[in-house]
1. Under the rule of -39500 (n - 2.57) per DSSP H run of 4 or more residues, summed and divided by the residues of the chain, what mean residue ellipticity at 222 nm is obtained, to the nearest 500 deg cm²/dmol?
2. By its C-alpha gyration tensor, with a ≥ b ≥ c as the square roots of the eigenvalues, how is region 19-182 shaped: rounded for a/c under 1.5, else prolate for a/b larger than b/c, else oblate?
3. Based on the Kirkwood radius over alpha-carbon pairs, what value in µm²/s does the Stokes-Einstein equation return for the translational diffusion coefficient of region 163-221 at 20 °C and 1.002 mPa s?
4. Quick one: order 168, 195 by neighbouring beta-carbon count within 10 Å, fewest to most.
5. Please give the FRET efficiency for residue 222 paired with residue 17, using the beta carbon to beta carbon distance and R0 = 25 Å, rounded to the nearest 0.05.
6. Where does each of 96-109, 135-148 land if you order them by average Cβ count within 10 Å, highest first?
7. Between residue 214 and residue 137, what length in nm is gained on full extension when 0.36 nm per residue of separation is reduced by their alpha carbon distance?
8. Most exposed first by the Cβ proxy, i.e. fewest other Cβ within 10 Å, how do 48, 169, 18 rank?
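Read-outs: derived from the displayed coordinates by stated rules, not from any lab. These figures come from a predicted structure and were not determined experimentally. A quick note on method: Cβ atoms are made from the backbone with ideal geometry, for glycine too, and the neighbour counts reach across all protein chains shown.
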C-alpha cells in the first residue's frame, strides 16, 4: 500500500483536534507537581532521619517503577477507592466502573511529577549558598519569608530549564494513557488508523505534530527564559 499524502493531511487535522488535552493535562499536573515537590524538597532538607526517609520512599518508588506499571496499578485500584467517596459526596450510588479514567490520568501525572520535581527542586535548593539562609535568619526573617523571598527565587532560576524538559516529557508520556482510554494525539492516530484502515499515514502525521509541537514550545520557552534572564540581570 503506497503512502497517500491526502490521507496524511486528513489524519493530521483529525489528530490536531486532540491537542488541547495533550497540552493541558501535562501543564496542570506539572504545576501541581512543582508546588507539591517544592514542599517535599524543603521538608527533606529541613528534616533529618525518620521524616526524610519517610518522604524519600514514595519519591524513590515513583522514580523507579515503570510509568506504565504505575498507570495500571492506579487504573485498577483507584476506582475502588474513589467510588465510595463519590457516593458519599453526591448521595447517589457510584460504581467503580463509572469512575472516569481521567481521574487516573490526573492523579498519576500529579504523583509522577511530584516525585521528579521534588528531586529537581531539592537539587536546585542545594545549589543556593547556605550562608544566604543564615544571613536572612540573622536579619530577622522567618524561615518562611527567607525561603519565599531569597532561597526559592534563586532555586527556581536554576530549575526553570528542567521544568520545560519535564513538560515535554509529560506530553510524550501521555501516549501511555491510550491503554486506559485517554485520547491524546497518539491515541487519536491509533483511532484514525482503525477507522480508515491506514497505518502509515496517521502515525507519520502524528510524528510531525509531535515534532512541530516541540519546535514551537521550545521557541516560546527560549523567548520566555531570555526575558527572565534579562529581568534577573536588571534586578542585579
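1. -27000 deg cm²/dmol
2. Cα axes put region 19-182 in the prolate bin.
3. Numbers: Rh = 12.2 Å.
Stokes-Einstein gives a translational diffusion coefficient of 175 µm²/s.
4. Values: 168 16, 195 11.
Least crowded to most crowded, the residues run 195, 168.
5. Numbers: r = 28 Å, r/R0 = 1.11.
Result of the calculation: an efficiency of 0.35.
6. 96-109, 135-148
7. 23.5 nm
8. Exposure proxy ranking, most exposed first: 48, 169, 18.
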